[in-house]
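Here's the structure we're looking at; comments come further down.
Every number in this text was worked out from the coordinates using simple rules, so none of it is lab data. Nothing here was measured: the structure is a model prediction, and the numbers come from that model. Cβ placement follows ideal geometry from the backbone for every residue including glycine, while neighbour counts extend to all protein chains displayed.
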Amino acid sequence: MDFSHSDKVKELLARVTTFMDEHVYPNEKTYADQMIAFGANRWQVPQIIEDLKVKAREAGLWNLFLPESDRGAGLTNLEYSALCEVMGRSGFASEVFNCAAPDTGNMEVLERYGNERHKREYLEPLLDGKIRSAFLMTEPDVASSDATNIETSIVREGNEYVINGRKWWSSGVGDPRCKIAIVMGKTDPEAETYRQQSQILMPMDTPGIEIIRMLPVFGFDDAPHGHAEVQMTNVRVPVENLLLGEGRGFEIAQGRLGPGRIHHCMRTIGTAERALEMMCKRLLTRTAFGKKIADHSVWEQRVAEARIDIEMARLLTLKAAYMMDTVGNKVARAEIAMIKVAAPRIALKIIDDAIQAFGGAGVTTDFGLAKMYAGIRTLRIADGPDEVHNRTIARLEFRKYL
């Protein structure tokens, strides 16, 4: 396996890094100040996001994640990993480059499985960064870690499908730019287990959609993106909004979640690097008991372990990306599962140590570490909990000895 960067990737990486240095990091406070200025009406888009999106597009740093479209940079998963990691160093950076979840996964689904109308009405404005989207899969009334439990019904009536059900953790629904959602539900409860589910496009202005509430994560509302509980009551959409065909929901999900999981891990490595950087700078500039905190041996141990863990996680992420590119997501499922478990756990440990280094300041919102921790902690559940991925890893391991 060769993880060295091509000249193309080196050039893009330098440009993304420069853009982050010149435009993203200096505007993190601007973003926070604009959100504070909204007051109670936080479900608005800070102007700085739209301003930076214009700059990123003008700089040719746009839709970098898309491997198969002429609208993207044509990068493989392995090539994109370095860029994605840099974006992960700031909470809103991915959106600036139009590389944010769940839009990335939804755009890939529309690119592969959408018809010409889907692409014209939804994919094109998503690629242009004019709208945003959501993916509705998880449900409050069932253990959604087993997706076969999902009970939302998608029933055909003439030239329409009627959707009924309740979803939650529907990330992105709070954004006023969210215009389209991909919904997973059952079209045939009597079919074989993995042929019951389908996925369908649901415009968010369709009658019958009710946003019950926005769900906080450790007290953070993640506005304007947010995570919604959504009730769908007799929501009618055209038959042609069904993606790929009835009973193909799991097939689409697996194609979508593989890249999505690896993107999360790439960004997580960037978050861990940012936390380590903040920790080191803090330790080198604070004095306790007559010497720099960095000179206390316990911190040497923690910083060393952080560097070791980041390097191990990065290598496993690169291996998973390389295998996805060369042998496909199915063959790479063990590597994808392993890094999906390892990356958030490692990042959480580093962020926790960074919080400890900052003392009381670390648990405030002043330095962003608490928000960083909350966001990464959700990744031990999102896109499949650790237990499900560990089950996959263990079963593949046992299979070697049967």
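Look at the alpha carbon pairs under 8 Å that are at least 6 residues apart: their mean separation over the length of the stretch 7-100 gives a relative contact order of 31 percent.
Taking all Cα pairs closer than 8 Å and separated by 6 or more residues, the relative contact order of the chain comes to 14 percent. Going by alpha carbons, how many degrees (0 to 90, nearest 10) lie between the helix axis of 386-399 and the longest principal axis of the chain? Approximately 80 degrees, to the nearest ten. Looking at the stretch 120-220, the DSSP beta bridges with both ends there are about 70 percent antiparallel. For the chain, the longest principal axis of the C-alpha atoms and the axis of helix 28-37 are separated by about 60°.
Please check which bits of the stretch 64-86 a label hung off K10 would reach, taking the label as a point 7 Å along Cα-to-C-beta and the cut-off as backbone N under 16 Å. Flagged as within label range: 79, 82-83. The packing ranking of peptides 25-37, 82-94, highest mean first, is 82-94, 25-37, where packing means the average number of other beta carbon atoms within 10 angstrom of each residue. With neighbours defined as other Cβ atoms within 10 Å of a residue's Cβ, the residues T317, T104 order from fewest to most as T104, T317. Computed from Cα positions, the angle between helix 249-285 and the longest principal axis of the chain comes to roughly 20 degrees. Maximal additional length on extending the I308-K29 stretch stands at 97.4 nm, based on 0.36 nm per residue less the C-alpha distance.
Estimated purely from DSSP H runs of n ≥ 4, each contributing -39500 (n - 2.57), the mean residue ellipticity at 222 nm for the chain is -15000 deg cm²/dmol once divided by its residues. Sites listed here are chymotrypsin sites (Phe, Trp or Tyr not before Pro) in the stretch 166-251 whose DSSP assignment is loop and whose Cβ has at most 15 other Cβ atoms within 10 Å: F218. Taking a Cβ cut-off of under 10 Å around A332, the surrounding Lys, Arg, Asp and Glu residues balance to a net charge of +1, with basic ones at +1 and acidic ones at -1. Going by neighbour counts of Cβ atoms within 10 Å, the residues S81, S145 line up, fewest first, as S145, S81.
Using a Gaussian network model of the chain in which every pair of alpha carbons under 10 angstrom is joined by a spring, one finds that among I346, I308, I180 the greatest mean-square fluctuation is at I308.
With K and R counted +1 and D and E -1, the other residues having a Cβ less than 13 Å from that of I48 yield a net charge of -2.
Neighbour counts of C-beta atoms inside 10 Å place F38, F65 in the sequence F38, F65, starting with the fewest. Distance from the C-alpha centroid of the stretch 26-72 to that of the stretch 371-386: 22 Å, rounded to the whole angstrom.
Pull up the DSSP beta bridges for the chain and report the antiparallel fraction as a percent, rounded to 5. Antiparallel bridges: around 85 percent, rounded to the nearest 5.
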